[in-house]
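Step one of this worksheet: look at the structure below.
The values are calculated or read from the model by the stated rules, or taken from the named source; none is laboratory data. Everything quoted here is computed from the prediction, not taken from an experiment. Cβ atoms come from the backbone with ideal geometry, glycine included; neighbour counts cover every protein chain shown. Accessible surface areas use protein heavy atoms only, side chains included; no ligands, DNA or RNA. Shrake-Rupley method; radii C 1.70, N 1.55, O 1.52, S 1.80 Å.
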Amino acid sequence: MLALRAHYAPATLARAAGGRELPSLAVTLAYVRACDGDEEQWENRWHEAAAAAAPRTRGEPDQPPPPLPTQPEEQGRAARFRIRRSRLVTILAALFLLAGTTGVIVVNAGTDSPRPGRPRPGKAEMLDIHAATDGTVRAWSNTGGFPGWPWSDPVSMLLGEVDPALVRFADLNGDGFDELVRIAADGTITAWLNDKGFPDRPWYSSVIVGKGSTDPAGIRFADLDGDGRDELITIGEVVSAWPNTGEFPKWPWSDPVSLGQAPARHTWFADLDGDAKAELITLDTTSGTRIQARPNTGAFPAQPWSTAVDLGPSHADPARVRFADLDGDGFDELISLQTDGTTSAWWNNHTFPDQPWHASVVIGKGRDHDPVRYHFANLTSDEHTR
């Protein structure tokens, strides 16, 4: 089915089939992949159509769009722009048909296309950081098979002896490859540059990127502004974030900002709507409680969270829940590390802030699931840029 191959729910396809707007790049490439088309060719065509559809303004390229027109003449110009944009969508749809691509054009107007120069979204690898005495851990390379079985045979990597609970993975320089981050008991944060050597040892020289956290377990990394570089986040009485300046491997942080009171629950950051900006996700401390997500409005370094939405009940003990992009479409999946050794994943059907989870699939079996040991990280990325 096209919905399964494109990773869009049938309801989403039905709502978006009107063809009134230019589809997002993620949607366009999902269709191309589903129909075995040439992604690079269609990505170029999409950018041409998007550039032609973009309204002309005198502002700087990165400035927000001007207010909606209110004068009659401005309204007329806006209407003419909508007509031109509709025609471009029709042209793009015709190009799909000429290329032998079948199916409808899906609209995802709420999803921002990635900025030029940003690496393609990568497919997360799975790591078991049950370090032996020599520091060997296992990693499963992601073959791109999700929602089928996504893993190749495991490989061994040397990370050195470390408490798995104090390991993090984060893209600190925006190249699409996650760095290895270790947190010491005294709060010192050390990062090893990912030199793209996976599945061999991918880590290169270390640098200190943080000191003196009062609660090492409360340290997180996530991209809050969509620039491809993860911010440093601490969760204590309040949520604080250090914007990433892009200077890594030098000291990468600017002054911290406060993002509001910290929720007294399990906290994650994940990109649920494919705009590259992480949402704030919380669960209560007991199994079966509701997942709450606060959409990221893009206001960072100001407080970026809007009102929380309900994403349904959790599928496991909150300590066994993870979020990661398993298929490389830029939308994070929900993952459950179950007590019987099974790992299940609910793929993201691109409907957030509505309930975004599609049917679950099994992506792991028979593992001794101490949940602290298992991490998902993008170790390989895609070196082609948009």
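Couple of notes before you dig in:
- Checking ALA316 against (1) in contact (Cβ under 8 Å) with a residue 60 or more places away in the chain; (2) buried (at least 20 other Cβ atoms within 10 Å of the Cβ); (3) in a loop (DSSP other than H, G, I, E, B), the condition it does not meet: (1)
- Some residue of the stretch 175-194 being at pLDDT 90 or above, aliphatic (A, V, I, L, M) and over 18 Å from PHE221 (Cα atoms): no
- The set of residues from the stretch 194-214 being without any contact (Cβ under 8 Å) to a residue 60 or more places away in the chain, outside any strand (DSSP E or B) and open to solvent by less than 40 Å² (accessible area, probe 1.4 Å) comprises GLY197, SER213.
- Single residue of the stretch 236-260 satisfying the filter (part of a strand (DSSP E or B) and open to solvent by 30 Å² or more (accessible area, probe 1.4 Å)) that is nearest to GLN292 (Cα to Cα): VAL238
- Candidates in the stretch 338-361 are the residues that are over 19 Å from the mean Cα position of the chain (by Cα) and at pLDDT 90 or above; of these, the one that is surrounded by the most Cβ atoms within 10 Å (Cβ to Cβ) is THR343.
- Restricted to the stretch 219-235, and to residues there that are part of a loop (DSSP other than H, G, I, E, B) and charged (D, E, K, R), the residue that is surrounded by the fewest Cβ atoms within 10 Å (Cβ to Cβ) is ASP227.
- Of the candidates ALA165, ALA191, the single residue that is in a helix (DSSP H, G or I) and within 25 Å of LEU259 (Cβ to Cβ) is ALA165.
- Residue check, VAL309 out of contact with any Asp or Glu (no Cβ under 6 Å at 6 or more places or on another chain) and within 25 Å of VAL239 (Cβ to Cβ): yes
- Checked against (1) more than 14 Å from the chain's Cα centre (by Cα); (2) buried (at least 17 other Cβ atoms within 10 Å of the Cβ); (3) under 22 Å from ARG373 (Cα atoms), PRO263 meets all criteria but (3).
- Residue that is surrounded by the most Cβ atoms within 10 Å (Cβ to Cβ) [pool: residues in the stretch 326-336 that are in a strand (DSSP E or B) and not charged (D, E, K, R)]: LEU334
Residues are listed down the side, and each one gets a yes or a no for (1) touching a residue at least 24 places away in the same chain (Cβ under 8 Å); (2) surrounded by fewer than 17 Cβ atoms within 10 Å (Cβ to Cβ); (3) not hydroxyl-bearing (Ser, Thr, Tyr):
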{"residue": "TRP140", "(1), (2), (3)": "no, no, yes"}
{"residue": "GLY145", "(1), (2), (3)": "no, yes, yes"}
{"residue": "ASP163", "(1), (2), (3)": "no, yes, yes"}
{"residue": "PHE169", "(1), (2), (3)": "yes, no, yes"}
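- Leading residue by the ranking (modelled with the lowest pLDDT) among those in the stretch 262-299 that are part of a loop (DSSP other than H, G, I, E, B) and of a type in the set (Ser, Thr, Tyr): SER287
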